[in-house]
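Novice: Would you mind keeping the following structure in view while I ask a few things?
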Amino acid sequence: MKLSNALKWSACAVCAMLLTVSASGQYKQPVPEGFVRLDADEIKTGAIFGDPTKPGIYVTRNRFAPGQGSHPHYHDQARYITVIKGTWWVSLGAESDVYDPEKMTPVKPGSFIFEPAFGHHYDMAKDEEVVVQIIGQGPVKSTQIPQK
């Protein structure tokens, strides 16, 4: 009887160890309290850490379908942007007060953009899907620049 219980506990321990191994067969360390780890296949669009409407740092992933983008605007907080996928087209600074897609600059995957607080800009995905990651301090407010 004692051997049987020991065998059951040993089997449970082995099963627990196997559950910490990912589908690729690699060990996946449990995430310690206070840390956050999101694997690429777990990340969806939207806020992935924090909340842009509340005080504190936030991280969002934004997906732009081909032809989707914004018109001239600015934010009251600085933003740090990394292009994850696709070519993102941007217009930055005073020249971006008037919307003109022909005056946009292509930004390739892996590229970084810093938008200062109140920095005028607009952006879009032209002919392919684009994913960008935005880091900033909340709460953040966006303001559209009126067009004539």
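Novice: How many residues does the stretch 102-114 contain that are within 19 Å of GLY86 (Cβ to Cβ) and either surrounded by 11 or more Cβ atoms within 10 Å (Cβ to Cβ) or of a type outside the set (D, E, K, R) (or both)?
Specialist: Summing the residues that are within 19 Å of GLY86 (Cβ to Cβ) and either surrounded by 11 or more Cβ atoms within 10 Å (Cβ to Cβ) or of a type outside the set (D, E, K, R) (or both) in the stretch 102-114 gives 9.
Novice: A further question on this structure: Which one of these is hydrophobic (A, V, I, L, M, F, W, C) and at pLDDT below 95: ILE57, ILE48, ILE84?
Specialist: Exactly one residue qualifies, and that residue is ILE48.
Novice: Among the strands (runs of 3 or more DSSP E) lying completely within the stretch 37-85, list those that include at least 3 residues that are touching a residue at least 24 places away in the same chain (Cβ under 8 Å) and farther than 22 Å from THR143 by Cα.
Specialist: Fully inside the stretch 37-85 and qualifying: 79-85.
Novice: Kindly indicate whether any position in the stretch 87-101 is within 24 Å of ILE48 (Cα to Cα), surrounded by 15 or more Cβ atoms within 10 Å (Cβ to Cβ) and out of contact with any Pro (no Cβ under 6 Å at 6 or more places or on another chain).
Specialist: Yes: the stretch 87-101 contains one or more residues that are within 24 Å of ILE48 (Cα to Cα), surrounded by 15 or more Cβ atoms within 10 Å (Cβ to Cβ) and out of contact with any Pro (no Cβ under 6 Å at 6 or more places or on another chain).
Novice: Then there is this: For the stretch 113-127, what are the residues that are under 11 Å from ILE145 (Cα atoms) and assigned to a strand (DSSP E or B)?
Specialist: The answer is HIS121, TYR122.
Novice: Could you list, in sequence order, the residues of the stretch 125-144 that are buried (at least 18 other Cβ atoms within 10 Å of the Cβ) and either without any contact (Cβ under 8 Å) to a residue 60 or more places away in the chain or under 14 Å from ILE84 (Cα atoms) (or both)?
Specialist: Within the stretch 125-144, ALA125, VAL130, VAL131, VAL132, ILE134 qualify.
The values are calculated or read from the model by the stated rules, or taken from the named source; none is laboratory data. Remember, it's a predicted structure, so these values are computed and weren't measured experimentally. Reconstructed Cβ throughout: ideal geometry from the backbone, glycine too, with neighbour counts over all protein chains shown.
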